[in-house]
Ligand code: ZN
């Protein structure tokens, strides 16, 4: 058992000063107390928040962060044009490349305060589109990358069957495809064997999007899965997707899901950008979670989620970094809030919640629903029996040093830059300790991979 002394630890109720936390061999919290324990105590200075959950990631897309920003005059650039660049990269990377890119990405996530990531994984097969001898080859590589970087991973292998509503897959989608529900079942089983071998890994399941799988198979896949696994799906990100869904299914994507599957809090709908009133209300009532990816959605020009309406009806949401154009969790919250302020001409996006502050409310959604996206739940930020996952901010940052306790959290969320993130604790272990072991080799392997791919 080791003990930490925290200068200031954030719980749901507010800041707790001078707290001792005992952590067992597995990195789980054994006790939280203001009484000093006997034996060695590691002092942790700074303001300590629960570490963040990244509820939506496509690791390979990190290789192209910033690459789709040079536009040609006279050519319309939108999500579908960006997707072509993304496909080119998806078609060229090897298992080694994927591992090296993911290790770099995950290491950067930890540096920014994330302790967990849900990997929405659909790059399953080799470059020709044939399954690897080990069906879960890429899943193995992603877990290996997470281990090197010191982040916990929820692998969510995706069922991807079609090229669009009622359309066969295209050549460029060949690495993603499971032809049948049975093929996807085998992939899921193979991935389960990988996650069961590693303490840092857990398993979810999912459908890439309504356009990517036949409706009967969506329903059966959902109904036949164990009840304890989180379910992830992309939905209603693009207006074209809504039009195609209306033409093919006669319903909007979220409307169709609400009508055909029994949604509850294990469902994580990624984006849900374009909703009509009835969808907002029904989704909020269903207890499903929406995974918002504000910087990616902004980068792709998707649109703005109706957070204000959804929040006022009790809707739940978490945050993901999706294409990884940004990896700063605080930037995600700012972008999310400011999108609402800019369109509503009001500042109080989160007002109306029972929690004491709007920042406290935003953080609680990020953390508690983020944990659900990983397949676990908790009552408080730090509690006995749960892992010690924390992010530490520098109390000497001038604005924090000059702030009274009630202003600390809003100042961190709205004003602190990433340089004041001191360290991240994942499962009771400091990221900097691990970084000294692995960071150099992770950076080296990443740069070599990118150089060989010749894409940057
Ligand atoms: Zn995505």
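No value in this document is a laboratory result; all are computed from the given coordinates. For clarity, every value in this text was computed on a predicted model and none was experimentally measured. Cβ atoms come from the backbone with ideal geometry, glycine included; neighbour counts cover every protein chain shown.
Can you bin every Cα-Cα distance in region 101-161 into 5 Å intervals starting at zero and give me the percent of pairs per bin, rounded to whole numbers?
Pairs per bin, as whole percents: 4, 19, 27, 22, 15, 9, 4, 1.
Once the Cα atoms of helix 239-249 and of the chain are each reduced to a long axis, what angle between those two axes, in degrees from 0 to 90 to the nearest 10, is obtained?
50
Can you pull the Rg over Rh of region 1-68, Cα-only, Kirkwood?
Across region 1-68, the Cα-based Rg/Rh ratio is 1.19.
Can you sort 126, 259, 244, 97 from fewest to most other Cβ atoms within 10 Å of each residue's own Cβ? Each step should come with its number before you reach the end.
On the way: 126 15, 259 10, 244 18, 97 21.
So the ranking, lowest neighbour count to highest, is 259, 126, 244, 97.
For residue 309 paired with residue 128, estimate the spin-label separation in nm (one decimal), with each label point 7 Å from Cα along the Cα-to-Cβ line.
Distance between the two pseudo-spin positions: 5.0 nm.
If each DSSP helix of 4+ residues adds -39,500 (n - 2.57) and the sum is divided by the residues in the chain, what number results at 222 nm, nearest 500 deg cm²/dmol?
After summing the helix terms and dividing by the residues of the chain, the value is -12000 deg cm²/dmol.
Could you tell me the center-to-center distance, by alpha carbons, between region 229-264 and region 357-383 in angstrom?
Going from one Cα centre to the other spans 26 Å.
Just to verify a number: FRET efficiency for residue 239 and residue 438, C-beta to C-beta distance, R0 = 51 Å, to 0.05?
The pair residue 239/residue 438 has a calculated efficiency of 0.75.
Taking the alpha-carbon set of region 40-124, what are its Rg and Dmax in Å?
For region 40-124, the Cα-based Rg and Dmax read 17.3, 66 Å.
Given q = 0.07, 0.08, 0.14, 0.16 Å⁻¹, what are the Debye log10 I(q)/I(0) values for region 52-373, with equal point scatterers placed on the Cα positions and solvent ignored?
Those come out to -0.25, -0.33, -1.11, -1.50, one per q.
Cut-off 15 Å, label point 7 angstrom out along Cα-to-Cβ of residue 417: give me the residues of region 304-328 whose amide nitrogen falls inside.
Zone members listed by number: 328.
Considering the zone a paramagnetic label at residue 11 would reach in this model (a point 7 Å from Cα along the Cα-to-Cβ line), which residues of region 36-79 have amide N under 15 Å from it?
Under cut-off, by backbone N: 36, 48-50.
First check a/c for region 261-382, with a ≥ b ≥ c the square roots of the eigenvalues of its C-alpha gyration tensor; if it is under 1.5, answer rounded, and if not, answer prolate when a/b is larger than b/c or oblate otherwise.
In terms of gyration-tensor shape, rounded.
Could you list 287, 130, 372, 2 in order of exposure, starting from the residue whose Cβ has the fewest other Cβ atoms within 10 Å?
Fewest-to-most Cβ neighbours within 10 Å comes out as 130, 287, 2, 372.
Starting from the Cα-Cα distance between residue 35 and residue 287, subtract it from 0.36 nm times their residue separation and give me the gain in nm to one decimal.
86.8 nm
On a 0 to 90 degree scale, rounded to 10, what angle separates helix 431-453 from the longest Cα axis of the chain?
Its long axis makes an angle of about 30 degrees.
Nearest 10 degrees, 0 to 90: what angle lies between the long axis of helix 215-224 and the longest principal axis of the chain (Cα atoms)?
Helix 215-224 sits at roughly 40 degrees to that axis.
Return, for the Cα atoms of region 248-315, the radius of gyration and Dmax in Å, separated by a comma.
Cα radius of gyration and Dmax of region 248-315 are 11.8, 32 Å respectively.
Determine the gain in length on full extension of the stretch residue 404-residue 227; use 0.36 nm per residue of separation and subtract their C-alpha separation, reporting nm with one decimal.
Gain on extension, residue 404 to residue 227, equals 59.3 nm.
Mind jotting down the distance between the C-alpha centroids of region 271-301 and region 27-66, whole Å?
28
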